[in-house]
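Read the structure below first, then the notes.
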Amino acid sequence: MTDVNEMIRLVQDHLSQAGIDSPQAEAATIVSHILGVSRGRLGVLRALGEQLDAEAVEQITELAKARATRTPLQYLIGTSAFYGLEVKVAPGVFIPRVETEVLVETTLQHFASHPGPLKILDLCTGTGTIAAALADQLQQRNILTDLWAVDISAQAAELAGENTAQHNVTVLCADATDHHSVIAAAPELSPLRAQFDAVVSNPPYIPTTTPVTQYEAEQDPERALYGGSADGTAIPLRIAEQAAGWLAPGGFFMMEHDHTHAQQLVAALAADPAWEQVQTVNDLTGAQRFVTAIRTPSAKPTPKSSPTLAQ
Ligand SMILES: C[S@@+](CC[C@H](N)C(=O)[O-])C[C@H]1O[C@@H](n2cnc3c(N)ncnc32)[C@H](O)[C@@H]1O
């Protein structure tokens, strides 16, 4: 028998030696996953000095060894925690990041006193994590919500479908930078142009000039990471343009971006008559990582040439 606290310490040391960034948090995740308990319940077991049987010790040790090879923990356990939900993840689909919770939180705050119903579009949905979190939270507030989520990857769209299955979310596989592609995937969206209350997006945005170097991040598909140009703003700018076309007057837009993009994106949206109240939102470390804007009542979005990315 091994004490749960001792086990967590051993796993933490092992992960630390393997160069894992957050060994303490990941050790707790590994142990709670194998024991099948929440992190809160794990805290109780730690306080009680719970003894682990040999089978649990062996399973925890195996999982810790696998993680020490730098395979992302989310792939090993098949889920990722996001805004109080456990979303399914799989190799080939972007692993949700905790910073994106700010996008969910800010969107919910924006609609805090809205009675609903709401129409929300999540462009570049990946595992569907933003759509699932918004749907879950708005459902808890009894706000009727019609959610649509789009990703260009068939594998991502399938996973997003599973992650949002209990909610009123329609997932489409289409090029979010081209509304013709989106409407081809769901013709019933055609009358919903200029009708959405919110468009949210965490698109690919990393500059191709500064490729990711962390091993775990390198496991994400390239199409989920890079923003389509040297500075990484090509896809984000196209998403903003598309958002202007989907939103109703007064509609809310929020998009995550690279920390180097804030000034450029704010300037681009502020210069476009389609937008007003353009603002930057910081992540939890204080970095400028999101842009928000309100669709102006009458202006048409400034048309730009938007090459289709769908195959
Ligand atoms: C950074 S990931 C974000 C995923 C998810 N929104 C999240 O926050 O976890 C970007 C996603 O955009 C998708 N994507 C890339 N280009 C796209 C496009 N042109 N249209 C739709 N989705 C696209 C990728 O497949 C990937 O799932």
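Here are the numbers for the structure shown:
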item	result
Entirely in the range 166-225, the helices (runs of 4 or more DSSP H) that have 3 or more residues that are assigned by TED's automatic domain parsing to the domain that holds GLY245 and within 26 Å of ILE20 (Cα to Cα)	215-218, 222-225
Residue within the range 118-125 that is outside any loop (DSSP other than H, G, I, E, B) and polar (S, T, N, Q) present	no
Answer from VAL44, VAL104, VAL31 - the residue that is away from the ligand (no atom under 16 Å from the Cβ), touching a helix residue (DSSP H, G or I) at 6+ places or on another chain (Cβ under 7 Å) and part of a helix (DSSP H, G or I)	VAL31
Residue selected from the range 95-121 under the condition within 10 Å of the chain's Cα centre (by Cα) and closer than 14 Å to VAL199 by Cα, by the criterion surrounded by the fewest Cβ atoms within 10 Å (Cβ to Cβ)	VAL104
Search result, residues across the range 140-173 that are more than 14 Å from the ligand (Cβ to nearest atom) and of a type in the set (Gly, Ala, Ser)	ALA165
Single residue of the range 233-245 satisfying the filter (more than 10 Å from the ligand (Cβ to nearest atom) and in contact (Cβ under 8 Å) with a residue 60 or more places away in the chain) that is surrounded by the fewest Cβ atoms within 10 Å (Cβ to Cβ)	GLY245
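Results for (1) in contact with a Gly (Cβ under 6 Å, 6 or more places away or on another chain); (2) surrounded by 23 or more Cβ atoms within 10 Å (Cβ to Cβ); (3) among the β-branched types (Val, Ile, Thr), shown as yes or no for each residue.
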| site | (1), (2), (3) |
| --- | --- |
| HIS180 | no, no, no |
| ALA186 | no, no, no |
| VAL200 | no, yes, yes |
| ILE206 | yes, no, yes |
| GLU216 | no, no, no |
| GLN219 | no, no, no |
| ASP231 | no, no, no |
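The values are calculated or read from the model by the stated rules, or taken from the named source; none is laboratory data. Since the model is a prediction, treat every value here as computed from it, not as a measurement. As a convention, Cβ positions derive from the backbone with ideal geometry for all residues, glycine included, and neighbour counts pool all protein chains shown.
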